[in-house]
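Read the figures in this text as sums done on the coordinates, not as results from a lab. These numbers were taken from a predicted model, which means no experiment stands behind them. Backbone-built Cβ (ideal geometry, glycine too); neighbour counts: all protein chains shown.
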Amino acid sequence: MIYDVVVVWAWAAGLFSGICLKKNLKKIILEKTAKPWTKVLMSGWERANVSNADIEPTRDYFTQNKKFLHSIFSKYTNWDIMSFFAESGVEIVEEDRSRLILKSWDSRELLNCLLQKLKKNNCPIKLNFDVKDILKTENSIFEIKDSLWEKILSKNVIISSWWKSFPQIWTTWEGYNIAKSFDLEIISPYRTLCWMATKRDLSEISWVSVDLQMKLFDKNFEKKVIYSETWPLLFTHFWISWPIVHNLSNAIWEYLNSKKILEIDFEKYILENLFVELKFDLEKTPKRVLKFFDLSEEKKIEILELQNWRSWKEAKATWWWISTWELDNHMQAKKIPWLYFVWEVVDVTGKTWWFNLQWAWSSAFVASENINKNIF
């Protein structure tokens with residue numbers, strides 16, 4: 001049998017792809033594990049995040065190609081996914097910083113909704129199918145092979161894989177390997193959305209959080225602010241953390257890539273050149289922090305020089321992946337018609353606070369809709 005569509009990996013974008021494809025299409029989702037729901041169940045610390053009510057793509061997502069973001073998000077928005085869940089009887093509430101989360105605070109409700117929608121749409125999931133290779137035959141049919149060389153044939157393929165970071169939930173490199181086998185441009189992957197190390201010993205204020213403004217600078221271009229954000233920051237020994245730092249780690253990668261610094265020893269470059277400027281509100285700053293940095297009305301700013309990221313096990317994402325320049329505005333590989341890449345296998349990473357799951361919904365919808373329009 002030749003399928004109309006094969007979706008590779010049953011994470012959020014993979015499940016949603018199966019839901020958005022036409023009901024009459026012959027389709028299947030291939031999943032390498034026996035428990036593909038882990039990432040969905042972990043969303044929002046098991047409270048089930050959905051999206052964010054205030055999304056501006058060029059502000060809230062990091063990538064080489066900002067125009068690409070507008071094209072995808074204009075076709076499926078945060079309001080569209082809110083309508084999808086509302087029509088499915090799933091209640092969503094808005095919390096701080098416009099994040100959208102299930103009223104039930106139970107990620108199982110989100111998962112059950114997706115699985116029920118899949119079943120109604122006649123889209124089965126084949127578990128324990130570890131995709132190792134995809135070939136395109138002379139008659140434009142894809143051959144998908146697993147580790148035991150079982151073969152599945154399909155007219156269209158949607159790749160929706162997780163990356164190297166967070167390996168404790170069965171993350172995978174296969175999406176990377178498949179893209180490489182088709183000679184698509186790959187941005188060298190590195191960990192991100194994680195804590196960052198500083199040169200200074202912060203033990204005296206370890207586990208103290210402060211609401212402040214943080215700006216990123218390069219010593220070679222000190223007058224130019226690379227990135228700026230205001231949010232609580234957590235100090236821990238030689239590390240700084242919390243969402244503001246997760247976003248900082250993304251901003252650093254975007255900057256390093258734009259300056260072609262990734263082509264040299266970038267870790268050495270970070271160590272020698274990058275620093276953050278912390279601007280404190282004295283009324284909101286704990287006494288321990290005031291004393292540690294010797295802050296006063298005359299001195300409200302402190303400089304911290306940076307070192308590196310925490311480990312792959314603690315990173316919530318990988319930066320980068322498949323270049324968006326390799327994809328059209330339907331998430332389809334320009335060089336390989338009918339081969340699609342969605343969600344975290346693409347070089348788009350959102351800020352912390354529910355932006356990455358919206359990227360899953362939007363990219364999956366766009367790829368599926370293009371197949372719906374063009375399948376024959």
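Numerical summary
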{"item": "Full-stretch length increase - K132, S209 - with 0.36 nm per residue and alpha-carbon distance subtracted", "result": "23.3 nm"}
{"item": "Neighbourhood charge, 14 Å Cβ-Cβ cut-off, centred on L282 and excluding it, Lys, Arg +1 and Asp, Glu -1", "result": "0"}
{"item": "Furthest towards positive pole of dipole, V93, L274, I159, structure part the chain, Cβ charges", "result": "I159"}
{"item": "Within-9-Å neighbourhood charge of Q307 [Cβ basis; K, R +1; D, E -1]", "result": "-1"}
{"item": "Residues I322, I261, sorted so that the one with the fewest Cβ neighbours within 10 Å comes first", "result": "I261, I322"}
{"item": "Given charges at beta-carbon only (K, R positive; D, E negative), |dipole| of the stretch 8-159 in Debye", "result": "580 debye"}
{"item": "19 Å Cα-Cα threshold exceeded, pairs from K27/K119; K22/K145; K259/K351", "result": "K22/K145; K259/K351"}
{"item": "Measure of compaction for the stretch 233-314 (Cα Rg per 2.2 N^0.38 Å)", "result": "1.26"}
{"item": "Summed side-chain charge close to F365 - residues other than F365 whose Cβ falls under 9 Å, Lys, Arg +1, Asp, Glu -1", "result": "-1"}
{"item": "Additional length obtainable on full extension of the chain from N308 to W79, 0.36 nm per residue less Cα span", "result": "78.7 nm"}
{"item": "When the chain is reduced to its Cα atoms, the Kirkwood hydrodynamic radius in Å", "result": "21.7 Å"}
{"item": "Simple label model, 7 Å out from Cα along Cβ direction - K259 to K223, nm", "result": "1.6 nm"}
{"item": "Candidate lysines for bridging to K284, where Cα separation is under 18 Å - those fewer than 8 sequence places away on the same chain excluded", "result": "K299, K300"}
{"item": "Largest-first principal axis extents of the Cα set of the stretch 1-133 (Å)", "result": "47, 36, 27"}
{"item": "Dipole magnitude (debye, nearest 20) for the stretch 75-158, charges at Cβ of Lys, Arg, Asp, Glu", "result": "280 debye"}
{"item": "Helix-derived mean residue ellipticity, 222 nm - over the chain, DSSP H n ≥ 4, -39500 (n - 2.57), to 500", "result": "-9000 deg cm²/dmol"}
{"item": "Within the chain, longest stretch free of exposed GluC sites (Glu not before Pro) [DSSP loop, at most 16 other beta carbons within 10 Å]", "result": "1-90"}
{"item": "Dipole of the chain, positive end: most advanced residue of I264, I322, A12 [Cβ charges, Cα centre]", "result": "A12"}
{"item": "Acute angle (nearest 10 degrees) that the helix 355-374 long axis makes with the longest principal axis of the chain, alpha-carbon atoms", "result": "20 degrees"}
{"item": "The stretch 317-376: relative contact order as a whole-number percent, Cα under 8 Å and 6+ apart", "result": "33 percent"}
{"item": "Between helix 66-75 and the chain: long-axis angle, C-alpha atoms, 0 to 90°, nearest 10", "result": "50 degrees"}
{"item": "Cα-based reach from K103 at 16 Å (exclusive), listing aspartates and glutamates while leaving out same-chain residues under 8 positions away", "result": "E46, E87, E91, E94, E95"}
{"item": "Relative contact order for the chain, counting Cα pairs under 8 Å that sit 6 or more residues apart, in percent", "result": "24 percent"}
{"item": "Residues of type lysines that K260 reaches as a straight line, Cα spacing below 16 Å, ignoring anything fewer than 8 places off in the same chain", "result": "K268"}
